[in-house]
Each structure stands twice: as C-alpha cells, then as structure tokens.
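Everything on this sheet refers to the single structure shown next.
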C-alpha cells in the first residue's frame, strides 16, 4: 500500500484545515481563509439564499420552497416558544441563526469530500460559550442579582442548600462544556466511522481472497451508518438549539 | 498488509509526519474564530434584520388574511341566517293572510248560498201553497160538477127508458144516492 492510499484511507484526513487564501499574520494571528472557512461561508450563503429567496417572494399562497422555509421558521419559533415562553421570542433570530448554522454545517458535512465545520471543538466551543455568555449577560441584565436564585431553587430546607448550591453551580458550568462536546464528538465520531467503514470496504475488496466476502458487509455497514449520520446531523442541530432555548429560559425565569 | 493496519490510521498519519489530531491543532484556532465571528455575525445580521422580519411578515399577513376571510364568512353567514329568518316570517305572514282571505271568501259564499237557498225555499213553498189551493179549488169545482153530471146522466138514462124527470127531481135523487 502506497502513501497516497494511506492518506486517503486515513479517517483523520477529512478534519485537516488547509489554507486557501493566506491572510496575516495580523497582530500575530493567522487569519487565513481555510477550507473550514469556505464551508462555513457556503453554509451561510445557502441559508441566506434559501430563506432570503422565500422571504422576498413572500407570496400569500406559498410556493413549495417558500412553504419549506416557512415550516423552518415555524419549527424554530415553536421550539423557542415551547422551551422559553413568549418572552423567549426576542431570542428567536439568534436561535434561528444558531439552529440553521449548525444544521447546514452538519448537512454540508454529509457531502463526500466536504469539510464539516462543526467537527471542530473550537467552533462548537465558541458557539456554546456565546450561548452561555448571552444567558449570563441577559440573566443579570434582566433579573439583577436575582439571577443567582437559579443556583438556589426555592422551597428547600436550608441544610439542603449546602449540598444543592454546589451541584447547581457545577451543572451550570458543565452546560457550555457538554453543549460544545456533544455536537463536536457526534460529528467527529460519526465521520470517523463513516470513513473507517468505507475504507474497510475498499481495503478488503482490494486485498482479494476470502476478504472479498466480508467487503460487502463493511460496505452495507457504511450505507447504514450514512443514514444514521443524516439523522444525527439533524438531531444534533435540534439538540443544540433546544438546549439553547432551555438555557435562555433560565435567564428569563431564573426562579423556576 | 492487512486491514488491521487501517484500524490505527492516526498512528500512521503521525508516522507519516503530519501534525497532531487535526481538530486540536492550535494553528488554525485564530483563523477559525475570526471567520466564525464574521460569518456567524453576518448571518445573524442578515437573518434578523432582513430575512426573518420579511418571512414573519408574510406568515402574519397570511394569518390575518385567513382570519379576515373567516370573519367575513361568519358575518355573511349571520346575514344569510337573518335573511332566511325574515323570509320565513314573511312567508308565514303571507300564508296567514291567504288563509284569512280564503276563510272570508268561503264564509261570504256560504252566506250567499244560505240566503239564496232560503229565498228559493220560500218561493217554492208559496208556489206550492198556491198550487195546492188551486188544486183544492179545482177539486171542489170538480166535485160540485159531479152531482150535476150525475143528475144529467140520470135524466138521460131515464129518458131512454121513457121516464121524464125534472132537473130538481134528478138532483134530489142523486143527492139521496150519494149520501146513502
């Protein structure tokens, strides 16, 4: 087996960031436009094009595309309303942007040879910190110090608080970590699995002999995983957005 | 070469001289964050300022249109019901009037018929009385004539036998015969 084949079969190869346009270093920072930036840009352009076109037509009796865009709108609006109440709707544009940013990144990642923006912890971590930053900032802005009631739910006898408050604080700190890791790990692991099984199928087939019998099994597994990964791509975007709504609900109603 | 060597390809990659696990390779962090801020921020502004208000406006407008149409429909339905009620009332009134007119006409006709019948009955009974009186008179006349005819007949019959009888005698004999 030569080196190039090994590179192709390398499941980590798909996560490598390559510079497309070298920018910087500016202030000691390398701000190059990379393949990761390109697929991020592609996702944003597709989102704006899709929803922008649907919105600009704006027909009273919607076309199919407009219908799909409006279903997306209603879906996110219901999600925000359901998890954070009517007041949560002021965050609707943010949750909408977040959901479709992640959703399109995940789905674009399912295209062979495409780069999965959300398979990098730096991206999911930044998004998670943005969410929790908004929750903390808005929580204090709206409730003042009453926001700290979030860590001390009412109605418990005082000795319980000694135990309860540290648990609540830890669970709050864990939120951005789990939010970032969940999406990152799902996308990373899923794409590694896809690549591994596809690589197995090819390798087994080229090895010849008895391995040829196993090759279709590896291929079938790859196909099944592909379907699963589409599900995961949609589901993880949904999970990211709904958890954002749940956390925003805490900022809006900390006493609960 | 077995496929098992592919099970640890990361090791192969590192052996081939490439850098660490790519997602944790820090060289691209500034670039990633920079483009994330620009693109996510740009996407947020584009969606929240332009796309979503318009899309939401379309949905709201449709909702309003549908609500208006439903209101109109309800109003028209109400009007139709009202009209139907009025119509039924008119119909009932007309029916009652018609019945009243018919009843009146019938009563009038019946009264006329009764009057006519009475008149005819009265006429008939007077004429009947007159006829009866006339018959009585005729019969009386006829009966009074019978005696004279019998007297005449008696005279004639006796004359045939050669006996001559006076009128007075014949009359007397007939009277005696009829009385006896």
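Which ones in the stretch A:149-198 are under 18 Å from residue A:253 (Cβ atoms), in contact (Cβ under 8 Å) with a residue 12 or more places away in the chain and in a helix (DSSP H, G or I)?
A:149, A:150, A:151, A:168, A:172, A:175
Output the number of the condition that residue B:164 fails; it satisfies all remaining conditions of (1) surrounded by 10 or more Cβ atoms within 10 Å (Cβ to Cβ); (2) in contact with a helix residue (DSSP H, G or I) (Cβ under 8 Å, 6 or more places away or on another chain).
Going through (1) surrounded by 10 or more Cβ atoms within 10 Å (Cβ to Cβ); (2) in contact with a helix residue (DSSP H, G or I) (Cβ under 8 Å, 6 or more places away or on another chain) one by one, residue B:164 breaks only (1).
Among A:140, A:75, which is free of Cβ contacts under 8 Å to residues at least 24 places away in the same chain, surrounded by fewer than 20 Cβ atoms within 10 Å (Cβ to Cβ), within 21 Å of the chain's Cα centre (by Cα) and over 19 Å from residue A:35 (Cβ atoms)?
A:75
Does residue A:50 satisfy being assigned to a helix (DSSP H, G or I) and at pLDDT 95 or above? So that I can check it myself, show each step before the final result.
Numbers: assigned to a helix (DSSP H, G or I): yes; at pLDDT 95 or above: no.
Here the answer is no, as residue A:50 does not meet what is asked.
Filter the stretch A:59-112 down to residues that are more than 26 Å from residue A:187 (Cβ to Cβ) and either touching a strand residue (DSSP E or B) at 6+ places or on another chain (Cβ under 6 Å) or not in a helix (DSSP H, G or I) (or both), then give me how many there are.
6
Got a sec? Which of B:77, B:64 is surrounded by 10 or more Cβ atoms within 10 Å (Cβ to Cβ) and modelled with pLDDT of 95 or more?
Working: B:64 fails: modelled with pLDDT of 95 or more.
B:77 is the lone residue from the list that is surrounded by 10 or more Cβ atoms within 10 Å (Cβ to Cβ) and modelled with pLDDT of 95 or more.
What residue, among those in the stretch A:12-22 that are buried (at least 17 other Cβ atoms within 10 Å of the Cβ) and within 8 Å of another protein chain (Cβ to nearest Cβ), is modelled with the lowest pLDDT?
If we filter the stretch A:12-22 for residues that are buried (at least 17 other Cβ atoms within 10 Å of the Cβ), which is where we start, we get A:12, A:14-17.
Right, trim to within 8 Å of another protein chain (Cβ to nearest Cβ) and you get A:12, A:15-17.
On the way: A:12: 78, A:15: 85, A:16: 81, A:17: 81.
Only one residue tops the list, namely A:12.
Residues checked against (1) outside any helix (DSSP H, G or I); (2) closer than 30 Å to residue A:67 by Cα; (3) more than 9 Å from chain A (Cβ to nearest Cβ):
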position: B:20; (1), (2), (3): yes, no, yes
position: B:34; (1), (2), (3): no, no, no
position: B:42; (1), (2), (3): no, yes, no
position: B:69; (1), (2), (3): no, yes, yes
position: B:78; (1), (2), (3): no, no, yes
position: B:86; (1), (2), (3): no, no, yes
position: B:90; (1), (2), (3): no, no, yes
position: B:99; (1), (2), (3): no, no, yes
position: B:114; (1), (2), (3): no, no, yes
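Quick one: which of B:108, B:171 is assigned to a helix (DSSP H, G or I), touching a residue at least 12 places away in the same chain (Cβ under 8 Å) and either surrounded by 10 or more Cβ atoms within 10 Å (Cβ to Cβ) or at positive phi (or both)?
Working: B:108 fails: touching a residue at least 12 places away in the same chain (Cβ under 8 Å).
Just one listed residue meets the conditions, B:171.
Would you mind finding the one in A:237, A:241, A:210, A:174 that is under 30 Å from the mean Cα position of the chain (by Cα) and surrounded by fewer than 14 Cβ atoms within 10 Å (Cβ to Cβ)? Talk me through it step by step, then tell me what you get.
Details: A:237 fails: surrounded by fewer than 14 Cβ atoms within 10 Å (Cβ to Cβ); A:241 fails: surrounded by fewer than 14 Cβ atoms within 10 Å (Cβ to Cβ); A:210 fails: under 30 Å from the mean Cα position of the chain (by Cα).
The unique qualifying residue is A:174.
State yes or no: is residue A:85 surrounded by 14 or more Cβ atoms within 10 Å (Cβ to Cβ), more than 7 Å from chain B (Cβ to nearest Cβ) and in contact with a helix residue (DSSP H, G or I) (Cβ under 8 Å, 6 or more places away or on another chain)?
yes
Can you tell me which residue among A:204, A:150, A:196, A:145 is surrounded by 17 or more Cβ atoms within 10 Å (Cβ to Cβ) and more than 30 Å from the chain's Cα centre (by Cα)?
A:204
Given the criterion within 14 Å of another protein chain (Cβ to nearest Cβ), within 19 Å of residue A:113 (Cβ to Cβ) and at pLDDT 85 or above, identify the matching residue among A:193, A:221.
Result of the check over A:193, A:221: A:193.
Residue by residue through the stretch A:88-115, note down the ones that are surrounded by fewer than 16 Cβ atoms within 10 Å (Cβ to Cβ) and farther than 27 Å from residue A:228 by Cα.
A:89, A:90
Restricting to the stretch A:25-51, what's the tally of residues that are at the interface with another protein chain (Cβ under 8 Å from one of its Cβ atoms) and either exposed (fewer than 14 other Cβ atoms within 10 Å of the Cβ) or over 22 Å from the mean Cα position of the chain (by Cα) (or both)?
Number of matching residues: 4.
Within the set of pairs 6 or more residues apart or between chains, which connect a residue that is within 10 Å of another protein chain (Cβ to nearest Cβ) inside the stretch A:58-72 to a residue that is assigned to a loop (DSSP other than H, G, I, E, B) and modelled with pLDDT under 90 with Cβ atoms less than 8 Å apart?
Short answer, once both residue conditions are applied: A:66/A:58; A:66/A:59; A:70/A:62.
Identify all residues within the stretch A:113-148 that are at positive phi and either assigned to a helix (DSSP H, G or I) or in contact with a helix residue (DSSP H, G or I) (Cβ under 7 Å, 6 or more places away or on another chain) (or both); write none if there are none.
A:144, the sole residue that qualifies.
The values are calculated or read from the model by the stated rules, or taken from the named source; none is laboratory data. Given the structure is predicted, the values throughout are model-derived calculations rather than measurements. Positions of Cβ are generated from backbone atoms using ideal geometry, with glycine treated the same way; all protein chains shown enter the neighbour counts.
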